Amino acid sequence: MTYQHSYDRSIADPAAFWAEQADHLAWYRKPAQTLVANPDGTHQWFADGQLNSCYLALDHQIEQGRGEQTALIYDSPVTDTRQTYTFVQLRDEVARLAGLLRELGVKQGDGVIIYMPMVPQAAMAMLACARIGAVHSVVFGGFAANELALRIDDARPALLLTASCGLEFDRVIEYKPLVDKALQLATHQPRQVLVLQRPQARAELREGRDLDWQAAVAAASPVPPVALAAGDPLYIMYTSGTTGKPKGIVRENGGNAVALRFALRHIYGMQPGDVWWGISDVGWVVGHSLIVYGPLMNGCTTVFYEGKPIRTPDAAAYWRVVEQYRVNGLFCAPTAMRAIRKEDPQGELFKRHDLSSLRQIFLAGEKLDSSTHQWLEAASGKAVHDHWWQTETGWPVTAPCVGLEGCGVRPGSSNRAVPGYHVRVLDDDGHLLGPNEQGAIVIALPLPPGCSQTLWGDHARYLQAYLHSHPGYYHTGDGGYLDEDGFVYIMGRTDDVINVSGHRLSTGEMEDLVARHPAIAECAVVGVRDEIKGQVPLGLVVLKDGVSLSEQQLQAELVASVREQIGALACFNQVRVVKRLPKTRSGKILRAVLRKIADHQPYTPPSTLDDPAVLAEIEGVLASLARAS
Ligand code: AMP
């Protein structure tokens, strides 16, 4: 299969293309209907098909002869634990946990909240829900009680699963007090709370409501998977928004299974038996698609890592794991690679490990600056691919499809649209733009299988947020352009585009240039108000350890570089050194917040912020700028 042929077919005749892909799955009932359009612009994929995602991930793999293959490798430098589960062992654990859920009264269609650290029981909990048709919603373990309460009230779970604690490299975080507080704040109450006791901190159980996980599972009987309709929800994933009520993205069983089979094989080039490492947390969409469902449904071994890129114990941690488990492919966010680079700028630590099993490295989640890209490629000696997707899509929109011939890669771009995604660029009035013209990146409907078609309990909000602004298109919220060969360049959220004297400029583009400076570990460029020009850019930079360049010297060099690369029209004249940039816990720089601070607009520090003190420093920098001007 060539990339171009697949892509063209997927756009010209999506139903025929995806019917063929769906044929590869072990359905309980094969769908006769592939694609049905709803009057509101959404679509139903494989409407009359029946399947079970847990069956596809476990039982079916065993039937294919992979029962004794390792399904999951748990590697936890924070607890010094290494543990493996074969497909049979994982199926047995999951079947018993599913039996327990049912004994506790969880029914098909019920919500279940999973608030857990990176322990294998979190994956088991997801798969156990899928086995009986319950709808899981994993809430990232780092979220505070208030955020957990918001999700409890939205998902209205029958049951909440948690663990006594999570672990950082230097501390134990008790989860149970957070759960107790969240349940005090929430209006909705799950019937029961199942608590996994970890030896690092034991939780107090509340009589009548809380159950000990290990004891309850030991007493439960295993249950088989149930047949579900393709359109039945598999999970709810709340998006990491910076303000307001979280959006509950709903993923359907059928579309998800078809999409992830396609993605693992044709985008990531993985085959059954390969070892795959999705470096993320189960609390994010990557954890669902690339730690649990994608690899297991494709017969791969999945690495489940409870650690960090650095400090567990050092910046060689990833390379140790790759060598130890002979990892063939991995996914990671650029922020992790920047953290590694900060500690190992010369890439010395890569050389200590045998990385020969690794075929390629995929990065996504935020803009991959070309400096980090080049450094990683040089240090690892591997192909490094940028690709772009969102919680809403659940799988990549643009990527090099390394499993398809002639996919082509272009550094600097997040690559071409994946088969199924008709990516276009529109101007503010909704007109199609041509090559190299910047605008709003949209996807012509129908979205391919796997993409969310609704929000949990609020379909109207889905339509409003994603389909209304440009009829016939899904609105990604990202800005950018396509070049003449169809390679996509994501320049950031549409609100990251700044307007300097009437010129539309991407702060992402400037960041890319700034990040190339050898002294810089990380940076953000924000638009600050300017009386004459509307907005002017400001570079906020974090220096690499040990750099002793003065702020003035650095500013002069960066200003010269942006002036040379983009031009004087960018008006990039200001650079300030800061200790840290405000980020979400998943590592995304909080650009919308930076923009508000820069604009002197009121803002509420988002709950996803990892350290509120960082904002105070930025506010100070901006205040001193304002005084100086
Ligand atoms: P999330 O749903 O939290 O994963 O965030 C999705 C958003 O992250 C996208 O809409 C983009 O703004 C950004 N993003 C993801 N991947 C990339 C990428 N490869 N390059 C630039 N931005 C990205």
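Read the figures in this text as sums done on the coordinates, not as results from a lab. Since we're looking at a predicted model, the values are computed, not measured. No Cβ is skipped: glycine too gets one built from the backbone with ideal geometry, and neighbour counts run over all protein chains shown.
How much length is gained if the chain between Asp80 and Ala16 is pulled fully straight, taking 0.36 nm per residue apart and subtracting their Cα-Cα distance, in nm to one decimal? Write down the numbers at each step before the final one.
On the way: separation 64, 0.36 × 64 = 23.04 nm, distance 4.93 nm.
Answer, rounded to one decimal: 18.1 nm.
What list do you get for Tyr28, Tyr115, Tyr481 if you sort them by fewest beta carbons within 10 Å? Mind dumping the intermediate values first?
Values: Tyr28 13, Tyr115 27, Tyr481 20.
Ranking Tyr28, Tyr115, Tyr481 by Cβ neighbours within 10 Å, fewest first, gives Tyr28, Tyr481, Tyr115.
If you project the alpha carbons of region 3-78 onto the principal axes, what extent comes out on each, in Å, largest first?
48, 30, 26
Would you pull out the residues with amide H under 5 Å of Gln574's amide H, same chain only if 5 or more places away, H placed 1.01 Å from N?
Long-range HN contacts for Gln574: Gly539.
Compute the signed sum of charges (Lys and Arg +1, Asp and Glu -1) over the other residues within less than 14 Å, Cβ to Cβ, of Met124. Walk me through the numbers before you get to the answer.
On the way: positive: Arg91, Arg96, Arg131; negative: Asp92, Glu93.
With Lys, Arg at +1 and Asp, Glu at -1, the net is +1.
Any chance you could list P(r) for the chain, counting all Cα-Cα pairs in 20 angstrom bins from zero, rounded to whole %?
With 20 Å bins starting at 0, P(r) equals 19, 55, 24, 1.
Normalised radius of gyration for region 364-426, please: alpha carbon Rg relative to 2.2 N^0.38 Å, two decimal places. Intermediate values should be presented prior to the final figure.
Working: Rg = 12.3 Å, N = 63, 2.2 N^0.38 = 10.6 Å.
So region 364-426 has a normalised radius of gyration of 1.16.
To the nearest Å, what is the center-to-center distance of region 1-56 and region 510-528, using C-alpha atoms only?
If you average the Cα positions of each part, the centres end up 42 Å apart.
Of the peptides 123-129, 562-568, how do they stack up when ordered by the mean number of other Cβ atoms within 10 Å, highest first?
Working: 123-129: 28.6, 562-568: 15.0.
Averaged packing, sorted descending, gives the order 123-129, 562-568.
Tell me which residues come under 5 Å, amide H to amide H, from Tyr28 once H is placed; ignore anything under 5 positions away on its chain.
Those lying under 5 Å, H to H, from Tyr28 are Gln50, Leu51, Asn52.
How large is ³J(HN,Hα), in whole Hz, for each residue of region 73-89 in order, when computed from phi with the Karplus curve 6.51 cos²θ - 1.76 cosθ + 1.60 and θ = phi - 60°, using x for Gly and Pro?
These are the phi-based 3J(HN,Hα) values: 10, 9, 10, 10, x, 6, 10, 6, 10, 10, 8, 10, 10, 6, 4, 5, 4 Hz.
Could you name the lysines in cross-link range of Lys30, using Cα to Cα under 28 Å and dropping any fewer than eight places away on the same chain?
Reachable lysines: Lys107.
On a 0 to 90° scale, report how tilted helix 253-262 is relative to the longest principal axis of the chain, with both axes built from alpha carbons and the result rounded to the nearest 10.
60 degrees
Kindly put Asp281, Asp180, Asp386, Asp429 in sequence by how many other C-beta atoms sit within 10 Å of each C-beta, fewest to most. It would help to have the intermediate numbers written out before the result.
Working: Asp281 22, Asp180 17, Asp386 27, Asp429 7.
With the fewest neighbours first, Asp281, Asp180, Asp386, Asp429 line up as Asp429, Asp180, Asp281, Asp386.
Relative to the present Cα-Cα distance, how much length would full extension add between Lys30 and Arg529 at 0.36 nm per residue of separation? Please report the intermediate quantities before stating the final value.
Values: separation 499, 0.36 × 499 = 179.64 nm, distance 5.76 nm.
Gain on extension, Lys30 to Arg529, equals 173.9 nm.
Can you tell me the mean projection area, over all orientations, of the convex hull of region 500-628's alpha carbons? Units nm², please. It would help to have the intermediate numbers written out before the result.
Values: hull surface 31.5 nm².
Seen from a random direction, the Cα hull of region 500-628 projects 7.9 nm² on average.
Between region 234-296 and region 159-178, what's the alpha-carbon centroid distance in Å?
Taking the Cα centre of each part, region 234-296 and region 159-178 sit 23 Å apart.
From the phi of every residue in region 337-349, what ³J(HN,Hα) in whole Hz does the Karplus formula 6.51 cos²θ - 1.76 cosθ + 1.60 yield, where θ is phi - 60° and glycine or proline is x?
5, 5, 5, 5, 4, 4, 8, 9, x, 8, x, 5, 5
Amide H to amide H, which residues 5 or more places from Ser607 or on other chains are under 5 Å from it, using H placed in the peptide plane?
none
Using each residue's phi in region 118-128, evaluate 6.51 cos²θ - 1.76 cosθ + 1.60 at θ = phi - 60° and report the 3J(HN,Hα) Karplus result to the nearest Hz, with x for Gly and Pro.
Residue by residue, region 118-128 yields 7, 10, x, 4, 5, 5, 4, 5, 4, 5, 5 Hz.
For Leu185 and Asp23, what does the FRET efficiency come to when R0 = 56 Å and r is the distance between their Cβ atoms, rounded to the nearest 0.05?
Values: r = 48 Å, r/R0 = 0.85.
E(calc), rounded to 0.05, equals 0.75.
Counting other beta carbons within 10 Å of each residue's own, what order do Glu392, Glu511 fall into, fewest first? Display every interim value, and only then the final one.
Working: Glu392 24, Glu511 28.
Final ranking by Cβ density, sparse to dense: Glu392, Glu511.
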